[in-house]
Structure formats: C-alpha cells, structure tokens
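Student: I'd like to ask some things about the structure below.
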Amino acid sequence: MSTIGFIGLGVMGRPMALNLLQAGHVLQVYARNPAHSQALCAASATLCETPEAVARGVHTLFINVSDDAAVDAVLFGAHGAADGLAADSIVVDMGTSSPAYTRRLAARLAERGIHLIDAPVSGGEAGAIDGTLAIMAGGSEAAFQRVLPLLQVIGGGIVHVGDSGAGQIAKACNQIVVSAALLGVAEALSFAARHGVDGGKVRQALLGGSAYSRILEIHGQRMLDANYTPGFKARLHQKDLGIVLDAARAAGLALPATAIAAQLMHALVEGGGGERDSSALVEIVQQLNDIKT
C-alpha cells in the first residue's frame, strides 16, 4: 500500500482519513488542532509538525480545509506542503473552493510539475464515516485515474466531471439544488404548522410522491425534531453559497432562488447559528412568520 498525506482533520476530513487507514494505506497527517489527530494516530497514522513534512515522501496529498485562503496557506504558507511535494505528485482538494481559484491553483502547481484534482464532496458527516460520499472531480484524466482507487475508499458515486475547476462547478450546482430544497422543505413544514396540520404526517405523505428528496427525508426529519447537530455547518453552507453567487455574477447569471436561500442562511449565521446544521434554516422561516413550535 502507498504512503498518503492528509491535511485537514475536521468533521469531514477525519473520517475520510480514517477510511484510508482502514483500507491499509500508510498515512501522514497534519492538523492545526493536534487534538483532531488523536483517533488517527491511535490507528497508526504519523502526525507531522508542518504541512511540508506531511508532503515529503508521498505521491498523493489530500487537503480538506475550509476555503481558498486556507488551501493557499496550507500549500504556499510558511513550511507549506508545496515545498515538500515531488514532481509528478498529486494534490487532491476535497474541500469546496471557488472555481476561479481552483484553476489558478492548478496552473501554479503545474509550474512545479504537480497535478491537481479538485474533488469536492456531498453527503455530510454520515457519508464521510460510511465511505459513501458523492465525489465530483476535476482535473486531467490521467491524474484522476491515478487517484481513483483512493477516492473509491472515500466515496460511492464518483464522477470525473472535466478539467480543473469542473469539480468545483459541480459542487456549486449541488449547493444550488440543496439550498433550494432546504428552503422548500422549511417553507412546506411552516405552511403545515400555520394550518394546524401535523408536519410529520405531511412529510410522510410527501415522501411517497414527486416531492421526495433526500433533503425532505433527512433534513425534514431534523427540522421536525429540531435536531441541529451539524452534519454540515450553516457557516460553511453560507460560504459555499457565496462562492456560487460570486461565480454567477462573474458569468452574468441570475439565480433568484439561490440568492434568497443565501440571504436566509446569512441571517441564520449572523443570529448565532453558524455552528448548527444548515437545516436550522427552518427557524428563520418560522421567525419570519411568527410560528411557534
């Protein structure tokens, strides 16, 4: 088995890295908060002091951090991973970054002979734990084929969407659909509540028809239970919607449903809900309508 580097051991990164370890790979890891590495070190991963140290001696480096600035810092900051990577190695960015930044990053790494695969995911913490994440990959076909066996440990539905940045475009599309669906479910349950109808039974009825979706199934139940333990934090959802709307403006696109969802997600985060699951969006809809549950 190969030696792999992994940087970013948060809610999503930690179970991804653990799945790679359990598949028999040798892992070198780095986390800004060393406490996040404890489970991995207990399972035989090697904790490194810097991103550069993680990158030395590996052919593939996974990164799962929060945004463009964090990726840049990990790769090109003090003791950055780019200085430790050998030519012909591959960086796999599993986080959600802007498509424009991703294309610039691919070009910058290519100057060092390093390949980039942008491979954002969907499926939340449960998908990361189960190894069933949907993975949307961008980059060269050759580099994608080299990392595909590793991606198959982490995810289920894996699609090579196109060249560098295409994975991030696909993730933006995912967030457009998810946000509209979250808002639709929140509005439907609020509508039922205002009319004195049991939201649980409404959800059950809708699951059997054309309104069925994973959002209705999973997040609809979260809304009914007021269970906002984060599978995907609202502040990260807010960040992703910012990426979508920035890219839409640059392309001259109007995305009205996404813009409304982004406004409401912003209200949720600014109201102190940034660390809660994004399904807490229903509370903003309820507040707008003075619905008490």
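Quick note: the coordinates plus some simple rules give every number you see, no bench work behind them. Keep in mind it's a predicted model, so treat the numbers as computed, not measured. Backbone-built Cβ (ideal geometry, glycine too); neighbour counts: all protein chains shown.
Student: Want the number for residue 159 to residue 73: 0.36 nm per residue separation, take away the alpha-carbon distance, what's left? List each step's numbers first, then the result.
Tutor: Values: separation 86, 0.36 × 86 = 30.96 nm, distance 2.79 nm.
28.2 nm is the gain from fully extending residue 159 to residue 73.
Student: Under 16 Å between alpha carbons, and skipping anything fewer than 8 positions from residue 233 in its own chain: which aspartates and glutamates qualify?
Tutor: Straight-distance partners of residue 233: 67, 125, 270, 275, 277, 283.
Student: Below 12 angstrom from the Cβ of residue 101, what's the summed charge of the other residues (Lys, Arg +1; Asp, Glu -1)? Can you show the working numbers first?
Tutor: Details: positive: 103, 104, 108; negative: 67, 68, 72, 93, 118, 246.
With Lys, Arg at +1 and Asp, Glu at -1, the neighbours total -3.
Student: What value, in deg cm²/dmol to 500, does the helix sum -39500 (n - 2.57) over DSSP H runs of n ≥ 4 give at 222 nm once divided by the residues of the chain? If you can, show how the numbers build up before the last one.
Tutor: Details: 13 runs with 145 residues, N = 293.
Calculated at 222 nm, the ellipticity per residue is -15000 deg cm²/dmol.
Student: Still on this model: Would you please classify the overall shape of the range 3-163 from the alpha carbon gyration tensor, given that a ≥ b ≥ c denote the square roots of the eigenvalues, rounded means a/c under 1.5, and beyond that prolate means a/b larger than b/c while oblate covers the rest?
Tutor: On the way: a/c = 1.44, a/b = 1.08, b/c = 1.33.
Rounded, since a/c falls under 1.5.
Student: Right, another one. How high is the FRET efficiency between residue 250 and residue 66 when r is their beta carbon distance and R₀ equals 25 Å, given to the nearest 0.05? Mind dumping the intermediate values first?
Tutor: On the way: r = 21 Å, r/R0 = 0.86.
According to the calculation, E is roughly 0.70.
Student: For every other residue with a beta carbon closer than 13 angstrom to the beta carbon of residue 259, add +1 if it is Lys or Arg and -1 if Asp or Glu, then tell me the sum. The partial results should precede the final answer.
Tutor: Details: positive: 249; negative: 246.
Computed value for this residue: 0.
Student: Can you tell me how the chain classifies by the Cα gyration tensor, rounded, prolate or oblate, using a/c under 1.5 as the rounded cut?
Tutor: Working: a/c = 2.13, a/b = 1.79, b/c = 1.19.
Verdict is prolate for the chain.
Student: Now for a separate question. Would you mind computing, in nm to one decimal, how far apart the modelled labels at residue 33 and residue 145 are, each placed 7 Å from Cα along Cα→Cβ?
Tutor: Going by the 7 Å Cα→Cβ label model, 4.1 nm.
Student: So, in nm, how far is label residue 290 from label residue 22 when the simple model puts each one 7 Å beyond its Cα toward the Cβ?
Tutor: My value for the distance between the label points is 5.1 nm.
Student: Picking from 123, 24, 273, which is most flexible by a Gaussian network model of the chain using Cα springs under 10 Å?
Tutor: 24
Student: Say R0 is 35 Å: what FRET efficiency, to the nearest 0.05, do residue 267 and residue 100 get from their beta-carbon distance? Don't skip to the end; give the middle numbers.
Tutor: Details: r = 27 Å, r/R0 = 0.77.
It comes out at approximately 0.85.
Student: At a Förster radius of 22 Å, what calculated FRET efficiency corresponds to the Cβ-Cβ distance of residue 59 and residue 111, to the nearest 0.05? If you can, show how the numbers build up before the last one.
Tutor: Details: r = 19 Å, r/R0 = 0.85.
With a Förster radius of 22 Å, E is 0.70.
Student: Additional query: Quote the relative contact order of the chain in percent (integer), defining contacts as alpha-carbon pairs under 8 Å separated by 6+ residues. Let's see the in-between values first.
Tutor: Working: 527 pairs, mean separation 37.8, N = 293.
Contact order relative to length: 13 percent.
Student: Give, as a single signed number, the net charge of other residues whose beta carbon lies under 14 Å from the beta carbon of residue 124, with Lys and Arg counted +1 and Asp and Glu -1.
Tutor: Values: positive: 14, 171, 214, 222, 233, 276; negative: 125, 130, 217, 240, 277.
Surrounding charge for residue 124 is +1.
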